[in-house]
Amino acid sequence: MAMLCKLRAPGRNGTKLAAVLGCLASRQKHTLPDLPYDYGALQPHISAEIMQLHHNKHHAAYVNNLNVAEEKCAEALAKGDVTAQVALQPSLKFNGGGHINHSIFWTNLSPSGGGEPKGALLDAIKRDFGSFEKFKEKLTAVSAGVQGSGWGWLGYNKDASRLQLAACSNQDPLQGTTGLIPLLGIDVWEHAYYLQYKNVRPDYLKAIWNVINWENVAERYTACTK
């Protein structure tokens, strides 16, 4: 999901510029991914109403706005308008991050989730956090402590070869802003829980552990440690 807008001044080589613009024009637009389960599949922990609004309205808006921002960026690149390219960066970061984050989030959840991970992932959690319960407590605390809107993350630090927790504001993508590879994200924007849990974020954070898809998290861990 590479963002297509990169700052560059108009070159004198018309052939090269035409090739770049042709590539931009022929790109495929981002699309809203299907959920791997029904909207009501995560009940009673996350209601069907929340899931439908979250996926079909909020995530869809990030996708649509990302496509608009990339189109405007392509136009700015064609015109050599660096000022316009700079002005579009916040929209690309916000909407691109929203699309990336939610695409991970849906797969991190499962109606058959909950419990504890197994195998290499569980071993890594015990190594880096002391125990699975301590890990849960720490990620819950990180997520609860996000001021305003944002995400709590379990990521993998490839340089240090260890798991690491992080909080990201708004829709800042984990890897793009911290360098950590995302394994498990917990959305703590109010639209993720308010209709069911009102403003009591801790109750939502307690419930979400019942639907964490540890198989998906383990697959992500295996992929980034190869």
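Scanning the stretch 120-160 for residues that are of a type in the set (Gly, Ala, Ser), more than 16 Å from residue 108 (Cα to Cα) and without any contact (Cβ under 8 Å) to a residue 60 or more places away in the chain yields 130, 131, 141, 145, 148, 149, 150, 160. Can you confirm whether residue 118 is of a type in the set (D, E, K, R) and crowded, with 17+ Cβ neighbours inside 10 Å? No: the conditions fail for residue 118.
Take the residues of the stretch 17-55 that are modelled with pLDDT of 95 or more and outside any loop (DSSP other than H, G, I, E, B): which is most open to solvent (accessible area, probe 1.4 Å)? Here the answer is 49.
Residues checked against (1) more than 13 Å from the chain's Cα centre (by Cα); (2) open to solvent by less than 60 Å² (accessible area, probe 1.4 Å):
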site	(1), (2)
175	no, no
191	yes, yes
194	yes, no
209	yes, yes
213	yes, yes
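The values are calculated or read from the model by the stated rules, or taken from the named source; none is laboratory data. Everything numeric in this text was worked out from a predicted model, so none of it was measured. As a convention, Cβ positions derive from the backbone with ideal geometry for all residues, glycine included, and neighbour counts pool all protein chains shown. Heavy atoms of the whole protein, side chains included, go into the accessibility calculation; ligands, DNA and RNA do not. Shrake-Rupley method; radii C 1.70, N 1.55, O 1.52, S 1.80 Å.
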